[in-house]
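What follows is calculated from the coordinates using simple rules that are stated; it is not laboratory data. As the structure is a computational prediction, the values presented were derived from the model and not from experiment. Cβ placement follows ideal geometry from the backbone for every residue including glycine, while neighbour counts extend to all protein chains displayed.
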Amino acid sequence: MRKLGVVIVVAMLVLPLQMSVASAQSQEFRRIPVEEYVDKMKAGWIGQMVGVGWGGPTEFQYRGTIIPEERMPEWKPDKVNQFMQDDIYVEMTFLRTLELYGLDVSTRQAGIDFANSGYMLWHANVFGRENVRNGIAPPDSGHPQFNKHADDIDYQIEADYAGLISPGLPNSGIRLGEIFGRVMNYGDGLYGGQFVAGMYSEAFFETDMEKVVRAGLECVPEGSQFHECISDVLKWYKENPDDWQATWQLIEEKYNDNPEYRRASCGDKREDFNIDAKINGAYIVMGLLYGEGDLDETVIISTRCGQDSDCNPSNAAGVLFTSLGFSNLPDRFTSALNEEGKFSHTPYSFPILVHVCESLARAAIMREGGRVERDDEGRETFVIPVEEPKPSALEQCWEPGPIANSRFTEEELVHIDPPPAEEEVEKYADVQDLDEAVGKIAPGWKVKDCNSNEYFGLHNKLLERENVLVTHPESQEVPCTLSKRVKIPSGKTQLQLAVGHIEGLDWLLIVKADGKELLKTEVDSGTTEDGWRDIAVDLSAYAGSEIMLELLNASNDWAFEIACWAKIAIISE
């Protein structure tokens, strides 16, 4: 009996060990040399920069319509240097949080770091940041009860980082969405980012873009409208493999025209404006499928679909470029890269960004049960476990689950210290009606063709000056115009202006009298001091005449040509 007992005990000890070994042996792994990973990850960042730089001039210029082929911007190599693009640098806030606190950082810490950012934001991002600054912690900061933009595109734009540091690890990308995407999004708004991250994860091992798209789709819960949308695009692609515009029309009819698929969209007071994650996610997929692996066609098709037509090609190009690798990219996309340039509001240049992502990828692989192998010559290889995606729980913004009652503690609130309001570009205008705003600093002047949203109008204080009018052109071709018909008295008369710019953003000032150009100048860091510039335009030649004066806030490269006006006056001696 004693011998039998010993046998049983030994068996009980050995059997679990054997099962563990068998389980480890049955685990599948994928391998990628570290050098190849870095090459592909670098390409992913370049793809984002190329896509947003190429599509930038068209952003929301075409809503509910395909961009005509002749209106597609021309690619120029220096457009790769997109260091001022929020479509890229916002996600670097998340990378910085991971760099400082590690991959197991809490969503609450992510919210604190986001609260302390100072860059311009829109839609779900701006409401999410307002929430965390007001003490509403994630996940409630992204819940529809507190964020009416929770289904918008924001985290989808910013989720590239999650896939780029999670090669072959879809669940890592999903988990990062639960940490960072919850700060500002919910439901389809969150799933869009997890979908993008899943595509990047697969792109390290796959060049067939249909397979990459399907891998991303596995990261989205079935039953969601986002899953339905991407599934539809895949189906319609099969039905119209040679006609992307036919598929575009089907997307338009269901996901733009049908209100059932826009129940939580921000309409921005325009029915044709659609910032919903679903339809813009569809346009990412359009570029990947119909581009058929061609770098140019992928960007062009994703851009020509319209709506958020710089963000969508940025995601599409990022995924495709990742699959190909930096060393395989044409010179036209890499030759002009400024490796010393700093991404705005970040500590990162391109080489530093690459180094940080490599470090985080190593940590992510180890966290998910992978390892790093080294051969006899010291070359490293990532050994990455194959894992089945486990999507987040199903939820939809129009039928949300209960809030979490998540609030920051007094100890946490101490660490929320955003930049002073007067230094923030994204602060809402105190007077948003542009006619009223212009009248307060320049009585009698009229305004037309100016972009309209919460940021443009009169700011009580901005850039250390009081009563600042902020304007933006309606489009790349049509400038915002301030005009006034005036009679010029005899003697010396000047039009005196105090114009400014936001750091990193520039614009073109044109002054006309009766249609004749009197002045054309850039307002940027090279022409201003402390952000401001005083300008005097001599009008003495028009003494005794009545003329139409026009001040144009015009586009130069269509990259946030935000104009600041502190003084518009006609002074006679």
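The Cα center of segment 397-420 and the Cα center of segment 312-368 differ in position by 31 Å.
What number, rounded to the nearest 500 deg cm²/dmol, is the helix-based mean residue ellipticity at 222 nm of the chain, given -39500 (n - 2.57) per DSSP H run of at least four residues and division by all its residues?
Here the helix-only value at 222 nm equals -12500 deg cm²/dmol.
With 0.36 nm allotted per residue and the present C-alpha distance subtracted, the Asn338-Glu260 stretch has 23.5 nm of extension available. When you restrict to C-alpha pairs under 8 Å that are six or more residues apart and normalise by the size of the chain, the relative contact order lands at 18 percent. Measuring between their Cα centroids, segment 114-138 and segment 503-573 lie 34 Å from each other.
Sequentially through segment 505-513, phi angles give Karplus couplings (6.51, -1.76, 1.60; θ = phi - 60°) of 10, 10, 7, 10, 9, 10, 10, 10, 10 Hz, Gly and Pro residues having no value and appearing as x. Take the Cα of Asn328, step 7 Å toward its Cβ, do the same at Glu28, and the gap between the two points is 2.1 nm.
Here the ratio of the Cα radius of gyration of segment 422-572 to 2.2 N^0.38 Å is 0.99. Taking the chain as a whole, the Cys residues whose C-beta sits 4.7 Å or farther from every other Cys C-beta are Cys219, Cys229, Cys266, Cys305, Cys311, Cys357, Cys397, Cys564. Peptides 187-198, 392-403 ranked from most to least packed by the mean count of surrounding Cβ atoms within 10 Å: 187-198, 392-403.
Viscosity 0.890 mPa s, temperature 25 °C: Stokes-Einstein D of segment 244-385 from its Kirkwood Cα radius, in µm² per second?
The calculation lands on 135 µm²/s.
Among 40-46, 540-546, 89-95, sorting by the average number of other beta carbon atoms lying within 10 angstrom of each residue, highest first, gives 40-46, 89-95, 540-546. Ordering of 138-146, 560-568 by packing is 138-146, 560-568, highest average first (other Cβ atoms within 10 Å, averaged per residue).
Mind checking the full-extension length gain between Arg485 and Glu253? Use 0.36 nm per residue of separation minus the Cα-Cα distance, one decimal, nm. My answer for the length gained is 78.9 nm. Each eigenvalue of the Cα gyration tensor of segment 137-261, multiplied by 5 and square-rooted, gives one semi-axis; in descending order these are 24, 21, 9 Å.
Rounded to the nearest whole angstrom, the semi-axes of the ellipsoid equivalent to the chain, taken from the Cα gyration tensor as √(5λ), stand at 49, 25, 23, largest first. For the chain, the membrane-span-like helices by this rule, meaning whole DSSP H stretches whose C-alpha atoms cover at least 27 Å of axis and whose Kyte-Doolittle mean is -0.5 or above, are 2-26, 34-55; this says nothing about an actual membrane. Couplings for segment 521-531, taken from phi via the Karplus curve 6.51 cos²θ - 1.76 cosθ + 1.60 with θ = phi - 60°, read 8, 7, 10, 8, 5, x, 10, 10, 10, 6, x Hz in order; Gly and Pro are left as x.
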